[in-house]
1. Of everything in segment B:394-438 that's under 24 Å from B:Ala338 (Cα atoms) and either among the charged types (D, E, K, R) or in contact with a Lys or Arg (Cβ under 6 Å, 6 or more places away or on another chain) (or both), which residue is surrounded by the fewest Cβ atoms within 10 Å (Cβ to Cβ)?
2. So in segment A:510-528, with the set limited to residues that are out of contact with any Phe, Trp or Tyr (no Cβ under 6 Å at 6 or more places or on another chain) and in a helix (DSSP H, G or I), which one is surrounded by the fewest Cβ atoms within 10 Å (Cβ to Cβ)?
3. Just to check your reading of the model, which residue among B:Gly342, B:Gly356 is within 14 Å of chain A (Cβ to nearest Cβ), without any contact (Cβ under 8 Å) to a residue 24 or more places away in the chain and out of contact with any Leu (no Cβ under 9 Å at 6 or more places or on another chain)?
4. Any idea how many residues of segment B:500-525 are closer than 24 Å to B:Val229 by Cα, at the interface with another protein chain (Cβ under 9 Å from one of its Cβ atoms) and among the aliphatic types (A, V, I, L, M)?
5. Going through segment B:225-239 one residue at a time, which ones are touching a Pro at 6+ places or on another chain (Cβ under 9 Å) and of a type in the set (S, T, N, Q)?
6. Could you grab me the full set of residues in segment A:44-86 that are within 26 Å of A:Asp386 (Cβ to Cβ), of a type outside the set (A, V, I, L, M) and in a helix (DSSP H, G or I)?
7. Out of everything in segment A:484-499 that is crowded, with 19+ Cβ neighbours inside 10 Å and of a type in the set (A, V, I, L, M), what residue ends up being farthest from the other protein chains (Cβ to nearest Cβ)?
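The values are calculated or read from the model by the stated rules, or taken from the named source; none is laboratory data. Keep in mind that what you see is a predicted model, and the values were worked out from it rather than measured. Quick reminder, even Gly has a Cβ in these numbers, built from the backbone with ideal geometry, and neighbours come from all protein chains shown.
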2 protein chains.
Amino acid sequence: MAWNGWGDPARAAPLPQPVAALLHDLLGVRTPHTPSIPMGKVRLGAPRLPGEALTELAHAVGDAHVRADAESRIRHTRGKSTPDLLRIRAGDAADAPDAVVLPASHEEVLQVLRICTERRIAVVPFGGGTSVVGGLAPRAADFTGVIALDLRRLDALVEVDPVSRTATLQPGLRAPRAEALLREKGFTLGHFPQSYEWASIGGFAAARSSGQASAGYGRFDEMVLALTVATPQGTLRLGRAPRSAAGPDLRQLVLGSEGTFGVITSVTVRVHPAPETAVYEGWRFPTFEAGTAALRRLAQDGPLPTVLRLSDETETMIGLARPDRIGTGGDSGCLVIAGFEGEAAEVARRREAAAGVLADAGGQELGPEPGESWEHGRFNAPYLRDALLEVGAFAETLETATFWSQIPELYAAVRTALTDTLTAAGTPPVVMCHISHVYPAGASLYFTVVSAQGDDAVAHWTRAKRAACDAIIAAGGTISHHHGVGTDHRDWYAAEVGPLAVDVLRAVKERLDPAGILNPGVLLPPAR
Amino acid sequence: MAWNGWGDPARAAPLPQPVAALLHDLLGVRTPHTPSIPMGKVRLGAPRLPGEALTELAHAVGDAHVRADAESRIRHTRGKSTPDLLRIRAGDAADAPDAVVLPASHEEVLQVLRICTERRIAVVPFGGGTSVVGGLAPRAADFTGVIALDLRRLDALVEVDPVSRTATLQPGLRAPRAEALLREKGFTLGHFPQSYEWASIGGFAAARSSGQASAGYGRFDEMVLALTVATPQGTLRLGRAPRSAAGPDLRQLVLGSEGTFGVITSVTVRVHPAPETAVYEGWRFPTFEAGTAALRRLAQDGPLPTVLRLSDETETMIGLARPDRIGTGGDSGCLVIAGFEGEAAEVARRREAAAGVLADAGGQELGPEPGESWEHGRFNAPYLRDALLEVGAFAETLETATFWSQIPELYAAVRTALTDTLTAAGTPPVVMCHISHVYPAGASLYFTVVSAQGDDAVAHWTRAKRAACDAIIAAGGTISHHHGVGTDHRDWYAAEVGPLAVDVLRAVKERLDPAGILNPGVLLPPAR
């Protein structure tokens, strides 16, 4: 993983010429190249942890698994939001942990939490490091230091139950490795979020990830059947049946807790037979409204494709859903991508029935080419962002969800907030949107914003992001459909659930983590 | 509702002759008739609430809505488990609330909770009164009194959103009325548990009810999209989108909390277009194992019927799934009921495809007769129980769930525990079982036990029930798939989730209900 950008540095590519032209003509991006400073020049705070704390941690996990070198610290600094990248590219690693600790078992995690509780050391559970909401930047000033608890050594496929179609995975497994191990047994997890290539199983659970094939395989939180959690107060083992009436569903209290209640050390999930066939195709709708209505019909009455997404007019015109054609297409209307995975005869049946609904709802069939183009480029957007930052453009995403009847209002409110704020700041943006996760009662909205960076890109975005979050809450949407809360969404999350719910969550945290060492300031406002 | 039995007294019927013969021949039921004593002879404790408390409550909800007469108190005593009925039939209403309070709004509920917090009065939220796990029998000795908070006046269908296909319902709506109101708008809730005719919307949510058509419409906890909850510390409003990554799913903390955290005053649920057609049919499998494998295929690969249940050999032979034929059939093998509801063409397609799977799995098609017989008698079992108690027989049910691979072990363990305990006590039982709720990863097991009552029927059952609960926990099952925890399952629930999870739930309760007035001793062990 690039320390100052996304993914495999070997896959970085310069900006395609049509995109550069678009930035110049449409957004007035004129700034010179703004390259990242080299790693050696990154500014780190002096490590705060005393030697005896490091010795004690090394005793718990082994000498080789406590790292306090600059590169390890830099590589565990914050996540992968655009402000995160802008700061690290500018050489600011003030939030770096004092050390990186790599446990290899549930028991070692418990022991590290015990040491850190005694010594008041803040702990940041670290999986793939792909948070885009400040989930890896806790408020650690009140602590004696902060460690990143990197879970990469907890990377086993523990068990597959082919009868129940479940698999037990350790949290540090990265998604492609988990998928490969399951494929060896004939199964798929079916979880392919944008962060797929780098994100981890533990992160998917802790932050309620949702993948591009959620229509077919469900969200990650819907896949989870059982969890083991190491907390400063001991172990939670949850999930004896797919569903139960034995009290509140405590799995759903751990899912989305973003490392603030404990460290997930094992996850049992549903798995599916690896699909025999996969077909992706494109449809065009005249308007976002017509496309939304078509998606709603499929979500409510079926048949539901495995992948289902609808780009609005702007995103379709720019071609964001087809990264190999960005800026060259100028397609009109709104593009729908419908993907079907599974057993061949069932795929054929479902595809034909879905085609009937889409055509009846006013869609025009475009054949497999747009679908394959989307599928081919589905994990490329974050690489494109790196190239945009490099030439002085700004690019970021945000997302929400609501009920179908409120989608038009929420869509308009967020677009207006982003456009008005950035235009007033002198950097008019392109705001694009798609629906990529549908439910019988509602859907998600995912916005991509591109503009010139302005004088201070971080401050510039902070204003626009605040306006968008205010608009989401005012329009009745949730502050996040799948990115999570982290530190960036914390205040709006508190507004969304209300003060009494925040009190409840704080009571849970105080019971499980009385010293407050786990991700302080993430999810919940810092303790009063 | 009969005060000393189930349902509408006008529908009570004497035991069919074949059943009486079965009891005599098979179970040795010889005891004379054991009729209930009349209501006037029921023994109630002296009411404990001072007059000024009643005056204050009357001020909150209106004079006519605070009732302390004997009949009101008797009708709000405990629930409808067999031990509950045996005790009340014997004249024991020692657990009766001191008064029944009927609020008409969220604000009135808040006010009642405020008064009861100040005066240390225990509060039992009361919907349909159908708990079979002691959910209405809190431990109130440490309080100055106890009220039943009867929610029947909160009985509105507040709103239907036909675009999002959601409906907002008040908690005191009984299920048939809710269904009728939704049908007027063209929708169905699709929730038909055994308790359907009397149970309430609030109870469904608070206790995680699951209906007979759960395969098609989902469990009640899966239908819930938003909740309003009145607690002693204020109001919780949860659910801004079908799914969210904004923190833990707090809806799932309220669902299953059984009135111990707060009083649910509004529930927004998914609704479905009222089905155009409904078809129920029967299939026979040679063994429970073969039938289980067939259900698993449908649950994992589809197509899933709307109703899907499998009786084991004993239940099939007795004919419990076909109440109009109990004891007359002597059917062999294991009966499957498959029901299909929806749009006619879709029902035809699904039915044909399911038939292909069932036949391929070794099933023999029996046509519509057994399905219609099941459908016709689907809510009759509790009436049959009343008739059994009347002639000195004992009948009770219990249920659990686990993953498919563990079903055989759990099934054997529970059957053995029940049979051995009751046989050792000199009252050998008939133990019947069915699977009535299936998921991709597992299923529920629902046991019905019939025996002679023995000398002390309550003590007799307590031993057998304990043995069954121990067996469930030892075999890895959940202590309840859809009956809930109440007071009866509390100790096994604590074993299921472990002491740290109990601590977490207690922390939540202490934050929302610091005086501990809400259903003390239900769900959680009484505070230490």
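1. Restricting to residues being under 24 Å from B:Ala338 (Cα atoms) and either among the charged types (D, E, K, R) or in contact with a Lys or Arg (Cβ under 6 Å, 6 or more places away or on another chain) (or both), the top hit is B:Val431.
2. Quick first cut of segment A:510-528, residues out of contact with any Phe, Trp or Tyr (no Cβ under 6 Å at 6 or more places or on another chain) only: A:510-511, A:513-528.
Checking which are in a helix (DSSP H, G or I) leaves us with A:510-511.
Details: A:Glu510: 14, A:Arg511: 20.
Step by step, filter segment A:510-528, then rank; the result is A:Glu510.
3. On the way: B:Gly342 fails: without any contact (Cβ under 8 Å) to a residue 24 or more places away in the chain.
Unique residue meeting the criteria: B:Gly356.
4. Of the residues in segment B:500-525, 8 are closer than 24 Å to B:Val229 by Cα, at the interface with another protein chain (Cβ under 9 Å from one of its Cβ atoms) and among the aliphatic types (A, V, I, L, M).
5. The answer is B:Gln233, and nothing else.
6. Of everything in segment A:44-86, those that are within 26 Å of A:Asp386 (Cβ to Cβ), of a type outside the set (A, V, I, L, M) and in a helix (DSSP H, G or I) turn out to be A:Glu71, A:Ser72, A:Arg73, A:Arg75, A:Thr82, A:Pro83, A:Asp84.
7. Here is the first cut: in segment A:484-499, the residues crowded, with 19+ Cβ neighbours inside 10 Å are A:484-490, A:492-494, A:496-497.
If we keep only those that are of a type in the set (A, V, I, L, M) too, we end up with A:485, A:494, A:497.
Values: A:Val485: 6, A:Ala494: 10, A:Val497: 7 Å.
Going through the qualifying residues, I end up with A:Ala494.
Every residue, every condition in (1) under 30 Å from B:Thr400 (Cβ atoms); (2) out of contact with any Ser or Thr (no Cβ under 7 Å at 6 or more places or on another chain); (3) of a type in the set (Val, Ile, Thr), yes or no:
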| residue | (1), (2), (3) |
| --- | --- |
| B:Val109 | no, no, yes |
| B:Val112 | no, yes, yes |
| B:Thr117 | no, yes, yes |
| B:Ala122 | yes, yes, no |
| B:Gly127 | yes, no, no |
| B:Val133 | yes, no, yes |
| B:Ala137 | yes, no, no |
| B:Phe143 | no, yes, no |
| B:Leu157 | no, yes, no |
